[in-house]
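Enquirer: Following this message is one structure expressed as structure tokens.
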There are 4 protein chains.
Amino acid sequence: MKIGILSAGGDCPGINAAIRGVGKTAIVKYGMEVIGISNGFSGLIDMNYEVLTEKKLSGILTVGGTILGTSRIKPFKPQEGDTVEDKPQVIKENYHNMGLDALVCIGGNGTQRTANLLSKEGLNIIGLPKTIDNDVWGTDVTFGFDSAVNIATDAIDRLHTTANSHKRVMVIEVMGHNAGWIALYSGVAGGGDIILLPEVEYDMDVVANTLLNRSEKGKPYSIVVVGEGIKVPKKKSAARFIGKQIQERTGLETRETILGYTQRGGTPSPADRILATRYGAYAAELIHTKNFGSMVCIKNNQITSIPLEEVGGKTKLIDLNNRLVTKARNMGVCFGDKF
Amino acid sequence: MKIGILSAGGDCPGINAAIRGVGKTAIVKYGMEVIGISNGFSGLIDMNYEVLTEKKLSGILTVGGTILGTSRIKPFKPQEGDTVEDKPQVIKENYHNMGLDALVCIGGNGTQRTANLLSKEGLNIIGLPKTIDNDVWGTDVTFGFDSAVNIATDAIDRLHTTANSHKRVMVIEVMGHNAGWIALYSGVAGGGDIILLPEVEYDMDVVANTLLNRSEKGKPYSIVVVGEGIKVPKKKSAARFIGKQIQERTGLETRETILGYTQRGGTPSPADRILATRYGAYAAELIHTKNFGSMVCIKNNQITSIPLEEVGGKTKLIDLNNRLVTKARNMGVCFGDKF
Amino acid sequence: MKIGILSAGGDCPGINAAIRGVGKTAIVKYGMEVIGISNGFSGLIDMNYEVLTEKKLSGILTVGGTILGTSRIKPFKPQEGDTVEDKPQVIKENYHNMGLDALVCIGGNGTQRTANLLSKEGLNIIGLPKTIDNDVWGTDVTFGFDSAVNIATDAIDRLHTTANSHKRVMVIEVMGHNAGWIALYSGVAGGGDIILLPEVEYDMDVVANTLLNRSEKGKPYSIVVVGEGIKVPKKKSAARFIGKQIQERTGLETRETILGYTQRGGTPSPADRILATRYGAYAAELIHTKNFGSMVCIKNNQITSIPLEEVGGKTKLIDLNNRLVTKARNMGVCFGDKF
Amino acid sequence: MKIGILSAGGDCPGINAAIRGVGKTAIVKYGMEVIGISNGFSGLIDMNYEVLTEKKLSGILTVGGTILGTSRIKPFKPQEGDTVEDKPQVIKENYHNMGLDALVCIGGNGTQRTANLLSKEGLNIIGLPKTIDNDVWGTDVTFGFDSAVNIATDAIDRLHTTANSHKRVMVIEVMGHNAGWIALYSGVAGGGDIILLPEVEYDMDVVANTLLNRSEKGKPYSIVVVGEGIKVPKKKSAARFIGKQIQERTGLETRETILGYTQRGGTPSPADRILATRYGAYAAELIHTKNFGSMVCIKNNQITSIPLEEVGGKTKLIDLNNRLVTKARNMGVCFGDKF
């Protein structure tokens, strides 16, 4: 058997561990041939690929990013400047030209949607979810998330000492367009006093009063963790908007930090390496058992799979009854809502 | 209500996060009074304790070790040099003298056994499992484990570069008396070539041949991860014994590292802070609902509890059909057994 | 003898190590009494202080920020809203009321200027330089700088992997208002391709051409490190401005990161702990030998001192003949100027 | 011009940064051709080498170990099993066969001795010092040292929390055969209570009394940092011997950790990357100006060079009047001697 692997969408720590997991299992256990396709789906269009030997898979476990490169090309969405007319058709032809028996698509929600459409076109597809945002529907957790939470928490830890020395309110914006998973987890792990999530409508009065109450109780500094996707006036940064509001309403000295792209780079955490390895190894098993059209996932600590068509187009958000939210509330954390 | 908290047995990262979780939830949510008992069960014998206010619980989330101190005193086991005759009786009296309505016992297997015996004596006990070894029966994972795996994996990462430069076999011994969880997880996360677990009988010929095969295939260096509890001649260190055997049987240059106590110290990982916080918060909930005689645990990602009497005296070992072991095997990792 | 210590201005990693160095040496070696003054010079105005015992100095070596707190109050500059009319006079009186024989002022350029003025007023002052920016005149290096360079370099390392995966230009802005030390050192340590310093006038054409040349040579991604103090249109962030210019002039996909306050927080690096300890210990020696009116400094690896009046009001900038700049140029690093 | 680079002796963080510094400067600035010789001097004997292009030098700045490999072969010392009779002669011939105009030898004291002998044989040699031990004579500091101190200090930080929780004496052994630089710097940076250096004769009574005094003063735990090269009975580990002595003489619960090979692996610290880069760049400059027979060094923060023949065979030890030792003593640190 000959299988292809590609990574698409935003990169995250652990993709290489997943590629290694698929590749090594395919080669060592099943004697398959493994092809690495460059730059996401565009490598399938312009036939940009190379054979992945055991040797090439060696030493990449700890490397951040993706050795295959990535792109945000969406084959099923015509884009301005397209030179290839029918991209899905070209991909199908090249899939056969390359002699592939299966294709592993590593990516986030958008990639899994494309994977599903390719599967419906008759290709043998396995989806493999990855994103630091942890918002892929159908799986309990994605690799990249633990690493991103580590980086964000480390930043919050650093802000604590400077907030304390200067008696300031420090606002930190972490990634998460629609889903506030990184904000919630790094906020709780970092001991944030206020955590604003895209999923929870906040009230600026609640935020301001919470900070003033803390100040009156002799707690001279506060940490506010903000998910980038919270509702703010158009084109404004979440942190800048919230910071300015706090300063105006409370008079407390406030500073903002936007963590940005450092959250998605660097060597993956051990937990992410293991999760990515398990995902990758299982993808090879699914190919071996010809369980195509499915996405690897983890449910209740068990690696399993779900049909790709159940995944496509959905986003996993934080439920307002989320138990970690409740526990944090019980300990005095404010989520910005009237509770 | 007035509740006590103590930590007993070996320390690990996250205990303070758990203490904070219990305490803040008890104070903020339930209006309880919280007492911190010093140095494990010995603080109950010599009445060494202090009130834990919200302020005292502030800032300890990231601190390693335990602010309460710990000891390895076993109240139900008479020991040489005991000055107190009937320790359980003294503990019972002091529990009542201190006006406690419940007692949270943070600790490993030994502590949970004691907790169960105290519960049978009529005290209102909540067990809260902690250990870097991850071997507490009845829970999927304990806090401290992720931090220890991080430290061990970081060490393996470092050894990789020096092994590679010198073309050496590097043997690293990680903690785990009966259970090889740290060895398994850090071994997979660190890309170990051979992983020896206390649960798997190894054959020195298999180990030697695996290394010679790698060498012949042009892989000039190898990493061997060893759980400290594997069977070796009495009083020998696992790493030293295995290292010497490898050197003698293969002639490959071999060096050993024993990671030791650095594995249990330092600031907890974000994942451990969150797990410990959830455990702690749930312990307070169990007290509020008077679910005494139970231990907090996590099952399928859900915090819940099990009766203390089901836990006592058991150890959670790695099953030979463990899926991570199988996946690692499929990728070419050797576990030292004839497979 | 009775001595006071205060920290003023922006906080940085290592202040507590310096406080500990002064305090332990003063107590253990010279039998002095040590007073910790709260919140910079404002603690001298409102008599907010506490005795620092050996015990209170224990365990603070690794703690970020400053246990004494800090403020940006400038006693010799009347400010709007001042309630105290003649602050220098009040400080002098309180210095005597507190029975101080000497005062150690830990801070950056502004603090050393104030220290000099207080010295001229007749107080026994020792200046102790600190700043992550490394721009205090009269000393080769300040503590806080190594820690800040570590944090910035770590961020650049992370951006490398994501830049590589996405074939992007990543622009990162690091601290440094007038002096580009952090940009230079983290830029070289992180392998930055272009480094823009406040001290070097950059030409946007040079920057754009360098990036295009790299792109044409098959180097699909680049790292641009930017000191926050480079010349850009008013109120613009350095990174945002440069990033937008690059995108417009080259068409290369460009992303920006502003590192912000995370650079000044957290536990100090070992090198900073040692430097701060040496500074602190030497400050106590200077008090013992009554060498007042001087600032601790390091010259050619040797701790020594210079008169405070030589320091005040000057800033240590990067010389254009700086050897590290030259060496980096020789290796192909672009500093944005026509060279 | 055509130049060769090799790395010999024990590896350390920063060698690749130095190789990159030499190579990029030689190629970009001087248009030289650069050859990487494999596995130290043995690559010169068996003609094992490859051309180092700019592309091959890219991305190695942060990589631990050495991409060239290393070996401990000493060409001027006949060894058992030698198949090559006159190794220096073979090296000379191959140097000419390869068309080399100069050779950069990266290594510690032993390597610099060999470099000097080859220089005397008429080859154009530049020595480039490296070692985590910081004991190369003739230079203020070597790269690798800062990284090793960081790793050792991190370990001491971790031991602090567990020592504190358990009220134990923790003994930690760090690298350094004859020179105690790592022990001194990590000991001071980690807040060690007792630091034993190979250069200072210790008295076990002093050690024991210091610990007992601390214990009596209510300091329930202590950290003892031990250089591996201190005098202990033959074949004993320094940490084990000292630990056992402490336990026997004081009755205090004592635990030992031997840090081992993790100290020499992993990505170099930013400071080491910069130092190695400066060393490397300067080596290329020395070749350009034909200053052969010299070793790159740093004196008073300035990169310069000294004749190789002044270096050979000497070791830089800690002077007993070392100012950091004195400052640490003044703060209460015990060095095990009757002072």
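The values are calculated or read from the model by the stated rules, or taken from the named source; none is laboratory data. These figures come from a predicted structure and were not determined experimentally. Because the Cβ atoms are built from the backbone with ideal geometry, glycine has one as well, and the counts that use them run over all protein chains shown. All accessible areas refer to the heavy atoms of the entire protein, side chains included, with ligands and DNA or RNA removed. Shrake-Rupley method; radii C 1.70, N 1.55, O 1.52, S 1.80 Å.
Enquirer: Quick one: with label points 7 Å out along Cα→Cβ, list the inter-copy distances for B:ARG323 in nm, shortest first?
Expert: 1.9, 5.9, 6.1
Enquirer: For chains D and C related by rotation, which residue of D has the Cβ nearest the axis, and what is the rounded distance in Å?
Expert: That would be D:ASN300, 2.
Enquirer: Normalized C-alpha radius of gyration of segment B:225-339, against 2.2 N^0.38 Å?
Expert: That ratio works out to 1.51.
Enquirer: To the nearest 100 Å², how much accessible surface do chains A and B hide from each other in total, with a 1.4 Å probe?
Expert: The A and B chains share an interface burying roughly 3400 Å².
Enquirer: Something else: Cβ neighbours within 10 Å, averaged per peptide: list D:221-234, C:132-145 in order, most packed at the top.
Expert: Going from most to least packed, we get C:132-145, D:221-234.
Enquirer: From the P(r) of the protein assembly as shown, could you give the percentage of C-alpha pairs in the tail past 59 Å?
Expert: 13
Enquirer: When the accessible area of segment B:149-264 is split by element with a 1.4 Å probe, what percent falls to carbon and sulfur?
Expert: 44
Enquirer: Then there's this: With all protein chains present, calculate the accessible area of D:MET170 using a 1.4 Å probe and round the result to the nearest 10 Å².
Expert: 0
Enquirer: Starting from the amide H of D:ILE258, placed 1.01 Å from N in the peptide plane, find each other amide H under 5 Å away whose residue is 5 or more places distant or on another chain.
Expert: D:GLU173
Enquirer: Sticking with this one: With no solvent and one equal point scatterer placed on each C-alpha of segment B:149-264, evaluate the Debye formula and give log10 I(q)/I(0) for q = 0.17 Å⁻¹, two decimals.
Expert: The Cα Debye sum returns log10 ratios of -0.73.
Enquirer: Just grab the label-to-label distance for C:LYS55 and A:GLU80, each label 7 Å out from Cα along the Cβ direction, in nm (one decimal).
Expert: If labels sit at C:LYS55 and A:GLU80, their model points lie 7.0 nm apart.
Enquirer: Under the definition of partner shielding as Cβ atoms of other protein chains within 10 Å of a residue Cβ, what is the mean value for peptide D:323-335?
Expert: Values: counts 6, 5, 0, 3, 14, 7, 4, 11, 16, 6, 2, 0, 0.
Mean inter-chain Cβ contacts per residue within 10 Å come to 6.
Enquirer: Report the extension gain between B:LYS120 and B:LYS244 in nm, rounded to one decimal, defined as 0.36 nm multiplied by the number of residues separating them, less their alpha carbon distance. Mind dumping the intermediate values first?
Expert: Details: separation 124, 0.36 × 124 = 44.64 nm, distance 4.92 nm.
Here the answer is 39.7 nm.
Enquirer: Quick one: order C:LEU197, A:LEU252 from most to least accessible surface, probe 1.4 Å.
Expert: Result, largest first: A:LEU252, C:LEU197.
Enquirer: Hey, in the GNM for chain C with a 10 angstrom Cα cutoff, which one of C:THR267, C:THR83, C:THR250 fluctuates hardest?
Expert: Checking each option, the largest mean-square fluctuation is seen for C:THR83.
Enquirer: Ignoring everything but the protein chains, give the 1.4 Å probe accessible area of D:GLU201 in square angstrom, nearest 10.
Expert: Solvent-accessible area, nearest 10 Å²: 150 Å².
Enquirer: Moving on. Could you work out the percent of alpha carbon pairs in chain A separated by over 34 Å, rounded to a whole number?
Expert: So the portion of pairs separated by more than 34 Å is 31 percent.
Enquirer: Rank these by accessible area, largest first, 1.4 Å probe: D:ASP205, D:ASP146, A:ASP11. Walk me through the intermediate numbers first.
Expert: Working: D:ASP205 85, D:ASP146 30, A:ASP11 0 Å².
The ranking, largest first, comes out as D:ASP205, D:ASP146, A:ASP11.
Enquirer: Just to verify a number: what accessible area does D:LEU317 come out at with the full protein assembly present, 1.4 Å probe, Å² rounded to tens?
Expert: Near enough 80 Å² of accessible area.
Enquirer: What nm distances, shortest first, do you get from the label point of A:GLU216 to those in the other copies when the point sits 7 angstrom along Cα to Cβ?
Expert: 5.3, 6.7, 7.9
Enquirer: May I ask for the Rg/Rh ratio of segment A:1-96, computed from Cα atoms with Rh as the Kirkwood radius, given to two decimals?
Expert: Checking Rg against Rh, the ratio lands at 1.00.
Enquirer: Can you tell me which of D:ILE246, D:ILE126, D:ILE182 moves the most in a GNM of chain D? Springs connect C-alpha atoms under 10 Å apart.
Expert: Top of the fluctuation ranking is D:ILE246.
Enquirer: Also, quick follow-up: Nearest 0.05, what FRET efficiency do C:ASP140 and C:GLN89 give at R0 = 41 Å with Cβ-Cβ as r?
Expert: Result of the calculation: an efficiency of 0.70.
Enquirer: Let's see if you can work this out: charge +1 on each Lys and Arg Cβ, -1 on each Asp and Glu Cβ, no other charges. What is the dipole magnitude of the protein assembly as shown about its Cα centre, in debye to the nearest 20? Write out the running numbers ahead of the final one.
Expert: Working: 156 positive and 140 negative charges, 0 e Å.
I would put it at about 0 debye.
Enquirer: In peptide D:251-257, what is the residue-averaged number of other protein chain Cβ atoms found within 10 Å of each Cβ?
Expert: On the way: counts 0, 0, 1, 0, 2, 3, 7.
Rounded to a whole number, the mean comes out at 2.
Enquirer: With a sphere of radius 9 Å drawn around the Cβ of D:GLY9, what net charge do the other residues whose Cβ falls strictly inside it have (Lys, Arg +1; Asp, Glu -1)? Before the final figure, lay out each step's value.
Expert: Details: positive: D:ARG72, D:LYS130; negative: D:ASP11.
Its environment carries a net charge of +1.
Enquirer: How far, in nm to one decimal, is D:ASP203 from itself in the other copies if the label point is set 7 angstrom along Cα toward Cβ? Shortest first, please.
Expert: From this label point to the equivalent ones elsewhere in the assembly: 6.0, 7.1, 7.3 nm.
Enquirer: Please name which of D:ALA281, D:GLY229, D:CYS297 has its Cα lying farthest along the dipole of segment D:210-305 towards the positive end, using unit charges on Cβ (Lys, Arg +1; Asp, Glu -1) and the Cα centre as origin.
Expert: Toward the positive end, the furthest listed residue is D:GLY229.
Enquirer: Separate question: How many Cβ atoms of partner chains, on average, are near each residue of D:224-235 if near means within 10 Å of its Cβ? Walk me through the numbers before you get to the answer.
Expert: On the way: counts 0, 0, 0, 0, 0, 0, 0, 0, 0, 0, 0, 0.
The shielding value for this peptide is 0.
Enquirer: Using the Karplus curve 6.51 cos²θ - 1.76 cosθ + 1.60 with θ = phi - 60°, what ³J(HN,Hα) values do you get for each residue of segment A:40-47, in whole Hz, with x for Gly and Pro?
Expert: For segment A:40-47, the Karplus curve yields x, 5, 5, x, 7, 7, 9, 6 Hz.
Enquirer: Next question. Over segment A:149-264, with the other protein chains present, what is the accessible area per residue in square angstrom, probe 1.4 angstrom?
Expert: 37
Enquirer: Once the other residues with Cβ under 13 Å from the Cβ of A:THR315 are scored (Lys, Arg +1; Asp, Glu -1), what is the net sum?
Expert: Overall, the nearby charge balance is -1.
Enquirer: Can you give the net charge of the other residues whose Cβ lies under 12 Å from the Cβ of B:ILE126, counting K and R as +1 and D and E as -1? Mind dumping the intermediate values first?
Expert: Working: positive: B:LYS290; negative: B:ASP101, B:GLU285.
Result for the neighbourhood of B:ILE126: -1.
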